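Student: Here it is, the structure in full.
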Amino acid sequence: MCRLSGGNNLMKKIIIKKSKIGQFDKGVFANRDFKRGEIVIKYTLKSLTKQEFYKLSEAERNFVHNHSRKLYLYSSPERYVNHSSDLNTLQNFESRCDVATRDIKKGEEITTDSRKDDFS
């Protein structure tokens, strides 16, 4: 289960800035060191109907993912976690968080395997 320790000061733990690997030139970066198994990002998802999806701007549609045949709009900062085959977090969809797969150093970009986002 994803529980944040020390309150909900998540934005002090991570920052959004320019990324060299990001599809949208943005990425999420560690603003402190994280230990393996620690929650890096706790996120909020908005469930969408197909009608709501089609009402979104084309830009916002980029941040919609399919989980168990349901559409979810990712908000900031989690929408800027970039894909990498050398990932340092795994998504725990049920608990709605990304957990460090290894120690992450301050300044390192937070990455995940986004191919594991979309499943049926």
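Student: Within segment 61-96, how many residues are in contact (Cβ under 8 Å) with a residue 24 or more places away in the chain, charged (D, E, K, R) and under 15 Å from Lys46 (Cβ atoms)?
Tutor: The total comes to 2.
Student: At pLDDT 90 or above, over 12 Å from the mean Cα position of the chain (by Cα) and either over 18 Å from Ala100 (Cβ atoms) or of a type in the set (Ser, Thr, Tyr) (or both): which single residue out of Leu56, Leu45 fits that description?
Tutor: Working: Leu45 fails: over 12 Å from the mean Cα position of the chain (by Cα).
Matching residue, one of Leu56, Leu45: Leu56.
Student: Out of the strands (runs of 3 or more DSSP E) lying entirely within segment 62-117, which hold 1 or more residues that are among the β-branched types (Val, Ile, Thr)? Before you say what the answer is, go through the steps one by one.
Tutor: Details: elements: 64-67, 70-74, 89-92, 97-100.
Filter on segment 62-117 gives 64-67, 89-92, 97-100.
Student: What's the number of the only condition in (1) of a type in the set (Ser, Thr, Tyr); (2) part of a loop (DSSP other than H, G, I, E, B); (3) over 17 Å from Thr112 (Cα atoms) that Tyr54 fails to meet?
Tutor: (2)
Student: Would you mind stating whether Gly22 is on the phi > 0 side of the Ramachandran plot and either among the basic types (Lys, Arg) or assigned to a loop (DSSP other than H, G, I, E, B) (or both)?
Tutor: Values: on the phi > 0 side of the Ramachandran plot: no; either among the basic types (Lys, Arg) or assigned to a loop (DSSP other than H, G, I, E, B) (or both): yes.
Considered against the rule, which asks whether it is on the phi > 0 side of the Ramachandran plot and either among the basic types (Lys, Arg) or assigned to a loop (DSSP other than H, G, I, E, B) (or both), Gly22 comes out as no.
Student: Taking segment 97-110 on its own, how many of its residues are in contact (Cβ under 8 Å) with a residue 60 or more places away in the chain and either surrounded by 16 or more Cβ atoms within 10 Å (Cβ to Cβ) or closer than 13 Å to Glu78 by Cβ (or both)?
Tutor: Applying the first criterion (in contact (Cβ under 8 Å) with a residue 60 or more places away in the chain) to segment 97-110 yields 97, 99-110.
Adding the requirement that they be either surrounded by 16 or more Cβ atoms within 10 Å (Cβ to Cβ) or closer than 13 Å to Glu78 by Cβ (or both) leaves 97, 99-101, 104, 109-110.
Going through segment 97-110 one residue at a time, the tally reaches 7.
Student: Please enumerate the residues belonging to segment 74-83 that are of a type outside the set (Phe, Trp, Tyr) and either in contact with a Cys (Cβ under 6 Å, 6 or more places away or on another chain) or buried (at least 16 other Cβ atoms within 10 Å of the Cβ) (or both).
Tutor: Residues satisfying the conditions are Pro77, Glu78, Arg79, Val81, Asn82.
The values are calculated or read from the model by the stated rules, or taken from the named source; none is laboratory data. Only a predicted model underlies this, so the values are computations on that prediction, with no experimental measurement involved. Note that each Cβ is placed from the backbone with ideal geometry, even for glycine, and that neighbours are counted across all protein chains shown.
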